[in-house]
1. Output the residue which, of all residues in region 41-65 that are of a type in the set (S, T, N, Q) and at pLDDT below 85, is nearest to residue 26 (Cα to Cα).
2. Which of the residues belonging to region 9-48 are of a type in the set (Ser, Thr, Tyr) and within 13 Å of the chain's Cα centre (by Cα)?
3. What's the total number of residues in region 1-45 that are touching a Cys at 6+ places or on another chain (Cβ under 6 Å) and polar (S, T, N, Q)?
4. From the residues in region 1-22 that are of a type in the set (S, T, N, Q) and open to solvent by 100 Å² or more (accessible area, probe 1.4 Å), which one is nearest to residue 50 (Cα to Cα)?
5. So which pairs qualify, if the first residue must be in region 23-44 and hydroxyl-bearing (Ser, Thr, Tyr), the second must be loosely packed, with under 10 Cβ neighbours inside 10 Å, the Cβ gap must be under 8 Å, and the two must be at least 6 apart or on different chains?
6. Give the number of residues within region 18-40 that are part of a loop (DSSP other than H, G, I, E, B) and either β-branched (Val, Ile, Thr) or modelled with pLDDT of 90 or more (or both).
Amino acid sequence: MKPNISMVLLDENQILDLICGANGMERGKSSMNINYVENGTNTGGSWIIQARGPEQQKAKTKIKPCKKQNT
């Protein structure tokens, strides 16, 4: 029985969306750099993806803790 094989094609925007979502970065202020690095003449290289951006700001909660009451 042959295994099912899937192929996923992503452009640069989709890659940056995934990186930002997985690492809690603000997508609108993030940038990405992709480089191919050769490991040697006999072996293949690898892709290095660097993403830079600010962390997402946590939403400020409007819930205030209750005051402790003496009973």
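The values are calculated or read from the model by the stated rules, or taken from the named source; none is laboratory data. What you see is a predicted model, and the numbers here were worked out from it, not measured in a lab. Note that each Cβ is placed from the backbone with ideal geometry, even for glycine, and that neighbours are counted across all protein chains shown. When the accessible area is computed, the model is the full protein with side chains, heavy atoms only, and any ligands, DNA or RNA have been set aside. Shrake-Rupley method; radii C 1.70, N 1.55, O 1.52, S 1.80 Å.
1. Residues of region 41-65 that are of a type in the set (S, T, N, Q), as a first pass: 41-43, 46, 50, 56-57, 61.
Now restrict to residues that are at pLDDT below 85: 41-43, 56-57, 61.
On the way: 41: 39, 42: 40, 43: 36, 56: 5, 57: 8, 61: 19 Å.
Among them, the one singled out is 56.
2. Of everything in region 9-48, those that are of a type in the set (Ser, Thr, Tyr) and within 13 Å of the chain's Cα centre (by Cα) turn out to be 30, 31.
3. So the answer is 1.
4. Applying the filter and picking the extreme gives 6.
5. Between residues of region 23-44 that are hydroxyl-bearing (Ser, Thr, Tyr) and residues that are loosely packed, with under 10 Cβ neighbours inside 10 Å, the close pairs are 36/47.
6. The qualifying residues number 3.
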